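Enquirer: Sharing a structure here in structure tokens format.
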Amino acid sequence: MGIEKLLGSLNGYLKKAEKKKAPQCDQIDELLKKLKEKKKKLEKKWSNENNSTKKKRLSTELKIVTLQLKKGNKRRDELKSKCK
């Protein structure tokens with residue numbers, strides 16, 4: 001699954017309007033797991049890359065994934081009491 005699709009799904013669950021609906025903890029957990037895997041792959045690609053342009057692009061993607069993981073984990077912690 002591509003980064004755009006993962007981030008789009010995660011953002012859908014994280015919107016403030018979603019806070020009013022029943023928590024979808026399982027879906028958020030699954031997306032966070034996939035983002036963690038994507039982050040590991042990006043880190044590995046970044047460390048093996050020699051081309052500065054590609055390395056910069058990978059670095060940007062890595063920053064985006066890292067920030068989305070933080071945002072997702074924060075939201076998941078807020079929902080902890082509502083989830084089983």
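The values are calculated or read from the model by the stated rules, or taken from the named source; none is laboratory data. Just so you know, these numbers come straight off a predicted model, no measurement behind them. With ideal geometry, Cβ positions are generated from the backbone for all residues, glycine too; neighbour counts draw on all protein chains shown. Heads up: the accessible areas ignore ligands, DNA and RNA and are worked out on the full protein's heavy atoms, side chains in. Shrake-Rupley method; radii C 1.70, N 1.55, O 1.52, S 1.80 Å.
Enquirer: Only one residue in K63, K80 is farther than 21 Å from G2 by Cβ and either without any contact (Cβ under 8 Å) to a residue 24 or more places away in the chain or open to solvent by 60 Å² or more (accessible area, probe 1.4 Å) (or both), so which one is that?
Expert: Going through K63, K80 in turn, the sole match is K80.
Enquirer: Among (1) modelled with pLDDT of 90 or more; (2) in contact with an Asp or Glu (Cβ under 8 Å, 6 or more places away or on another chain), where does G12 come up short?
Expert: All conditions are met except number (1).
Enquirer: Within the range 36-51, identify whether any single residue is modelled with pLDDT of 90 or more, over 17 Å from G2 (Cβ atoms) and open to solvent by less than 60 Å² (accessible area, probe 1.4 Å), and answer yes or no.
Expert: yes
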